[in-house]
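One structure is given below, encoded as C-alpha cells.
The values are calculated or read from the model by the stated rules, or taken from the named source; none is laboratory data. Here the structure is a predicted model, which means the values were calculated and not measured. Quick reminder, even Gly has a Cβ in these numbers, built from the backbone with ideal geometry, and neighbours come from all protein chains shown. Note: areas computed on protein heavy atoms with side chains; ligands, DNA, RNA excluded. Shrake-Rupley method; radii C 1.70, N 1.55, O 1.52, S 1.80 Å.
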Amino acid sequence: MKLLVTFSRGKGRKPIIAQVVRDTGVLINVERAVIDSSEGEALIEVPDEQCRLVSDTMTSLGAHVRILEHGVNYNETECVDCGACISICPREVFTFDDEWKLRLDEERCILCGKCVDACPHRALSLPL
Amino acid sequence: MQKTIGQINERIRDGSARVVTAEEMPVLVAELGEAGALKEVDVVTTGTFGAMCSSGAFLNFGHAEPPIRMERIWLNNVEAYGGLAAVDTFIGATQQSDTREAEYGGAHVIEDLVAGKTVELRASSRGTDCYPRRTLTTEIALENLNQAIMCNPRNAYQRYNAATNSTDRVLNTYMGTLLPGTGNISYSGAGLLNPISNDPKFRLIGSGVPIFLCGAPGIVVGEGTQHSPAGGFGTLMVTGDMKQMSQDYLRAATMTGYGVTMYVGLGIPLPVLDIDVVRATAVRNEDITVDIMDYGVPSRNRPSLRKVTYAELQSGSVELNGEDVRTSSLSSFRRARQVANELKHWVECGKMTLALPTRAIDATRQNKPMHQSRTSPRVLEIMDQRVVSVGEDEEITTAAKKLLKGETNHLPVINGRKVLVGIVTTFDISKAVANPGKAHLVKDIMKTKVITTVPDEAVDIAIQKLEKHNISALPVVDKELHVIGILTAMNLGKLVGGRWLK
C-alpha cells in the first residue's frame, strides 16, 4: 500500500521515517521524496497488513498521512491511445493491449507526474 | 486482369464490392497470391491518426448589422487570420490563445466547434463607408456559420523520422518528451495503414480523390506543402466539411514545451485496379523504414543514429548503441485502424464511391531547404577574442588578479597543453576566499563541466545554451579544445545594437 506522508520541519527536525522504521520494525520503501527547509513530502510503500501501524505511528509523530488507493488519474475520454506516456514512465505503468488500447498497471505508479506533462491530450493528472 | 474504376464503383453501388483495410491486405495477398488478391479485393482502405500541425479551417460568419469588415479576429482569444474580407477568416491549428497560451489554441477552437460548443467571436475594424461597424463580440456555434471548411496544407505524411535525444537534459519537442542519454525513442505514423505508403507512386491519390477527413467525407486538393516523395516523405493538402466532422477523429493537443497541435484522422480508399496496386497495398510495417534522428543536435541537419522499421518501432523497444531503448508512439495506431475500418464501412454500404485523380501529384519531387539570403549571426562575429584564461595549477590569488585586471567574471581554465579543462567565476573565487580551507590551486575550485560553443555556431543556439543552463558566459573553443574566445551576455548587446535586427 502506498502512503503519502507530509510533514513540516519546524522545531527539532525529527527523523520521522527513520524513527518509524526503528519503532515498528516495518521496512519502508521510499518511492520518492521532496524535502526542503520548511516541509517535506514522501511517497512510501509498506506491506498492506502493516499499513495501519505505520500510518498511526507517523501521525503520532506529527506527520500527515494519506493512504493512496489509486495511481495517476486516467481520463479515458481524452485519451486517444497514442502511447506518448509509455516510454517516459520510469515504472512501466503503461502498455498497449492486443488491440492497441492503452492499459494502466496502477499498482506500479509512484505518482511522479512525468506522464502528466508528456500526455498531448491532458488525459493524465495527479490525484491531489 | 484489370478492373476499371467504373466496374469497382458499380460493385460499390450494388453492395457487392469486397473491401479490406490496408492492414488486412498483406495477409490476404500472402494467402491468395497477387493474382488471387486482385480478383478478390476491390478496395483497400487506409487510415492514419496523428498530430498534423499544418491544419486549420476557413470560416464564414455571415454579415452583422450594422456590417463590419473584420480586420482583427479572435475566437476564444485565439487570433484568426484577418486578411480575408469581410466576415471570412482562417483559424490555424497551432495559433495559441492570448490568455491561456499553450493550453488552448486554434485546434481547441476547432474541436470545440465540432463538439457543438459555442465560441466567443471578437473582431475589430477601422470602419468604412460600406462597413461602418468597428467592434463586434458575439457567441457563435458551428450551426451558426455559413461555411466551416477545414483546409489542411500539410497532412498525412507518408512516414516520419523517429526522434531520440543524446544530450544530458530532457528535451520537449513536437516529437514529445525526449529523455536524456537516448533514454527513449518517439515516433509517429500509422506504418502499413498510411495512405501514401500504400500508393507511393501516386497512381491513385491525387486532386479530386474522395477521402475520410475527421469523420467527414473530404477530398484531396493536391500535393501538400513540403511534399517530398523522392525521399519517401510525400504529403497531401486536403479539405472537408467541418460540419460533418466528429470529435472521435479530431482532437486538439498540447505538446509540452512546444505548443498546440491537432490530431487529425484521415483515410483514403484505394481502388484495386491492377497487379501494381495489389503489390503497393501489400506493404508491411517491416517494409517501411525511417531514421532515428538525434534531436539533441539543434540543426536542420540532425544526424541519423540508425535506420529502423515501423515493425521494430511498434515492438516497444529498439536497440540503440547496444542498449534496448523503449519507444513511444505519438500517433494512435488504434484510431488509425478505426479510420480504416469506418472508411471500409462507408465503401461497403455505398456511402462513398471512388474516383481517380483529375490531376496527378508529382511523385518525384524533392523538398528544398529555405533560401537564406542573409546568414544568421555566428558566434565568431560577436565573441570576445581578448579572452583571459588561467592555468589549472596556478594559485587562486593569481586567478583573482586576472579577473580584476581583465574586468571579467569568467576565467576559462587550461592545462599544460592549453586545452580547456574547467572554468572559474568570481563567485567561485569569492567562495574560496570566504571559506579558506585546503583549496589553494585553481583546479581545486574550478567547475570541470564546461558548457562551450564553437565559432561557427549560430548565436541563437548559443543563447539557448546560456538560458537552459542559467549561465552568463560560454568559452569558444576550436576542434582541439583550445580557447579562442568567450561569449558573454555583454557580447550579445551587439545584437540589439541594431546590426542584426534589420
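Summary of computed values
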item: Residues being buried (at least 18 other Cβ atoms within 10 Å of the Cβ) and closer than 24 Å to B:L171 by Cα - total across region B:442-475; result: 10
item: When residues of region A:114-128 are limited to those that are in contact with a strand residue (DSSP E or B) (Cβ under 8 Å, 6 or more places away or on another chain) and hydrophobic (A, V, I, L, M, F, W, C), the one most open to solvent (accessible area, probe 1.4 Å); result: A:L126
item: Residue that is more than 15 Å from A:I44 (Cα to Cα), more than 12 Å from chain B (Cβ to nearest Cβ) and in contact (Cβ under 8 Å) with a residue 24 or more places away in the chain, where the choices are A:V65, A:V72; result: A:V72
item: Failed item in (1) more than 14 Å from every other protein chain (Cβ to nearest Cβ); (2) touching a Gly at 6+ places or on another chain (Cβ under 8 Å), with A:T57 passing the rest; result: (2)
item: Selected residue (criterion: nearest to the other protein chains (Cβ to nearest Cβ)) from residues of region B:293-321 that are more than 18 Å from the chain's Cα centre (by Cα), open to solvent by 50 Å² or more (accessible area, probe 1.4 Å) and without any contact (Cβ under 8 Å) to a residue 24 or more places away in the chain; result: B:S315
item: Looking only at region B:374-402, and only at residues there that are open to solvent by 50 Å² or more (accessible area, probe 1.4 Å) and not in a loop (DSSP other than H, G, I, E, B), the one that is nearest to B:N415 (Cα to Cα); result: B:E395
item: Residue match in region B:420-439 (condition: touching a residue at least 60 places away in the same chain (Cβ under 8 Å) and within 14 Å of chain A (Cβ to nearest Cβ)); result: no
item: Members of region B:73-100 found to be in contact with a strand residue (DSSP E or B) (Cβ under 8 Å, 6 or more places away or on another chain), in a loop (DSSP other than H, G, I, E, B) and open to solvent by 50 Å² or more (accessible area, probe 1.4 Å), listed by number; result: B:L84, B:T94, B:Q95, B:D98
item: Residues located in region B:240-257, provided they are under 30 Å from B:R365 (Cβ atoms) and surrounded by 18 or more Cβ atoms within 10 Å (Cβ to Cβ); result: B:G240, B:M242, B:M245, B:Y249, B:L250, B:A253, B:M255
item: Per-region count, region A:75-95, residues in contact with a strand residue (DSSP E or B) (Cβ under 9 Å, 6 or more places away or on another chain), surrounded by fewer than 20 Cβ atoms within 10 Å (Cβ to Cβ) and of a type in the set (S, T, Y); result: 1
item: Selection within region B:322-343 - open to solvent by less than 40 Å² (accessible area, probe 1.4 Å) and away from chain A (no Cβ under 13 Å); result: B:L343
item: Single residue of B:V264, B:V277, B:V297 found to be out of contact with any helix residue (DSSP H, G or I) (no Cβ under 7 Å at 6 or more places or on another chain) and assigned to a strand (DSSP E or B); result: B:V264
item: Qualifying residue in region B:363-371 (condition: over 26 Å from B:T261 (Cα atoms), within 25 Å of the chain's Cα centre (by Cα), open to solvent by less than 70 Å² (accessible area, probe 1.4 Å) and more than 14 Å from every other protein chain (Cβ to nearest Cβ)); result: yes
item: From the options A:L124, A:L102, residue that is in contact with a Gly (Cβ under 8 Å, 6 or more places away or on another chain) and within 14 Å of chain B (Cβ to nearest Cβ); result: A:L102
item: Sole exception among (1) part of a loop (DSSP other than H, G, I, E, B); (2) open to solvent by 30 Å² or more (accessible area, probe 1.4 Å) for A:L111, by number; result: (2)
item: Tally, over region A:1-36, of residues that are open to solvent by 90 Å² or more (accessible area, probe 1.4 Å) and at pLDDT below 80; result: 3
item: Unique match (being surrounded by 24 or more Cβ atoms within 10 Å (Cβ to Cβ), at pLDDT 95 or above and within 14 Å of chain A (Cβ to nearest Cβ)) among B:V272, B:V260; result: B:V260
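Conditions tested, residue by residue: (1) in a loop (DSSP other than H, G, I, E, B); (2) closer than 27 Å to B:I382 by Cα.
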| residue | (1), (2) |
| --- | --- |
| B:V421 | no, yes |
| B:V424 | no, yes |
| B:F427 | no, yes |
| B:K431 | no, no |
| B:K438 | yes, no |
| B:K443 | no, no |
| B:K449 | yes, yes |
| B:P455 | yes, yes |
